[in-house]
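None of the figures in this text is laboratory data; all of them are computed from the coordinates on show. All values derive from a computational prediction rather than experimental measurement. Cβ: placed from backbone, ideal geometry, glycine included. Neighbour counts: every protein chain shown.
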Amino acid sequence: MKLLRVGQKGKEKPAALDKDGKIRDISSHVEDLNPHHLNFETISKLQGADLSTLPEISSSERIGSCITKPGKFIAIGLNFSDHAAETGAEAPSEPIVFMKATSCINGPNDDIEIVSGSKKLDWEVELGIIIGKETKHISENESEKHILGYCLVNDISEREWQLEKMGQWVKGKSHDTYGPIGPYLVTKDEISDINNLNMSLDVNGKKMQRGNTNTMIFNANFIVSYLSKYMSLQPGDIITTGTPPGVGMGMKPQQFLKAGDTMKLSIENLGEQNSKVVAL
């Protein structure tokens, strides 16, 4: 299934795409795509519903973040071998783990804020994992049973705040709007091979990132297992898994976003985002 949330910010309705690609209101079956409902029981119930009988929502409506109110927004750094190479860093021997504030979550086509004094705002197309059941101390082979689905993420990063200020990366990753997710939560059955998905990101119509999940150093199942040994994962938690080469920080000379810039990004089978950078 492809699940989404549609409507004005703060008033989104849960929805799903039917077999003809029409957006259907599923609020009669589920209150919202939040941690209480992001589980395998909900997905099974929705898969058994006749979506064609549900109210259709206009495709012109705003699309919000594909999930809401996750308990955790976890991120993995330097997880693509070709991205690590472009930054001049050694490929990590274990996942580099950091957090993004959940308040940074944004709709896939909503504006990205750039604040006064921000000089190094960067882009990162990434694969997101959505957890569907409580996960604690599991093996890599068990991970598949805990992953509800996947989504497209843009891990917006202010590199000065991330790398040149004292402290952890979280400061450069967590400003409001720095976490666009969606348009869809795509259930596992819709993805034939999560380890072979094409990824792309353009800025102002110019190709920047081109990659594939097959160059991830640590794959989705390993990441879920690894994290479960250090913290429990709960339904609705989101994990964003790193980015391929082509970020602004890795260019020579470096290139960063400014007000008025536009981004278009996609991952095969997960949909597309289109956003604009606006001065706050």
Work out how much length E90 to S192 would gain on full extension: take 0.36 nm times their residue separation and subtract the Cα-Cα distance, in nm to one decimal. 33.6 nm
From fewest to most C-beta neighbours within 10 Å, the residues K133, K188 line up as K133, K188
With r as the distance between the Cβ atoms of H36 and E140 and R0 = 41 Å, compute the FRET efficiency 1/(1 + (r/R0)^6) and round to 0.05. 0.90
Please compute the modelled spin-label separation between A101 and K207, points set 7 Å along Cα→Cβ, answer in nm with one decimal. 3.7
Please figure out what share of the DSSP beta bridges in region 67-279 is antiparallel and state it in percent, rounded to the nearest 5. 85
Applying the Karplus parametrisation 6.51 cos²θ - 1.76 cosθ + 1.60 with θ = phi - 60° to the phi angles of region 234-239, what ³J(HN,Hα) value in whole Hz is obtained for each residue in order, glycine and proline being reported as x? 10, x, x, 4, 10, 10
Cβ-based exposure ranking for L152, L233, in which fewest neighbours within 10 Å come first: L233, L152
Please report the spacing between the Cα centers of region 191-225 and region 251-277 in Å, no decimals. 15
I want to check the label-to-label distance for D50 and D111. Put each point 7 Å from Cα in the C-beta direction and report it in nm to one decimal. 4.5
Among A49, G182, S143, pick out the residue whose Cα is farthest towards the positive end of the charge dipole of the chain, where Lys and Arg carry +1 and Asp and Glu carry -1 on C-beta, about the Cα centre. G182
Tell me, what is the percent relative contact order of the chain, built from C-alpha pairs under 8 Å that lie six or more residues apart? 25
Here is the link list: K136/K173; K2/K207; K45/K171; K11/K229; K133/K276; K171/K264. Which ones come out longer than 32 Å on Cα distance? K45/K171; K11/K229; K133/K276
Using only helices, what value at 222 nm comes out for the chain when you add -39,500 (n - 2.57) per DSSP H run of length 4 or more and divide by the total residues, to the nearest 500 deg cm²/dmol? -2500 deg cm²/dmol
